[in-house]
Amino acid sequence: MENRHNAIQQPAEILLKEIELENHIREQLNDTQIYFDYNLVPDKQDNKTPLIKLDLITINREHNQKFLFHSTKGNNKIAILEDMIAYIKEFKKNQESYQIEWLDDKNNEKVQISWFRGNDIFDVLQKFYYDKKQSRFKILKINLMPEA
């Protein structure tokens, strides 16, 4: 794997390709506010070389919460961005749609509604609780939505 200490050390062609792929993802997700969270994680098959993990995060402006859209891992950013693009093209065909009604204990005045796609209810809950303290949030109802 290339040296990842500082992205700016990468050749300009690689940086431009990464930017192009990130912009393509933004276009595919329309006006959704997204954040690309990259981290190095251990590779279970090769302890010497870590993998790059991308958590694609959505941020809802209405209730100011972030949720996990999808995670992927790979040896380089271009590969994981291409994997994310492939996921985005297919996820509506392969996953169920869920509606979650919830309350934030810190902001208890209004029931919030969020929409998720996932393989099952556990996948959706993982996306909902991403980087959150579970005890702060109260889920009131989860509905599996019929496909139109």
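What follows is calculated from the coordinates using simple rules that are stated; it is not laboratory data. Worth saying up front: this structure is predicted, and the values here are computed from it rather than measured. FYI the Cβ positions are ideal-geometry reconstructions off the backbone, even for glycines, and counts take in every protein chain you see.
A few notes on this one:
- Per-residue Cβ neighbour rank within 10 angstrom, fewest leading, S71, S135: S135, S71
- Cα-only radius of gyration and Dmax that characterise the chain, units Å: 17.2, 50
- Assigned charges on the beta-carbon of Lys, Arg, Asp, Glu; the chain dipole about Cα centre (debye): 460
- Residues whose placed amide H lies under 5 Å from that of Y130, excluding near-sequence neighbours: L68
- Remark: relative contact order (the chain) = 18 percent; criterion is Cα-Cα distance under 8 angstrom and separation of 6 or more residues.
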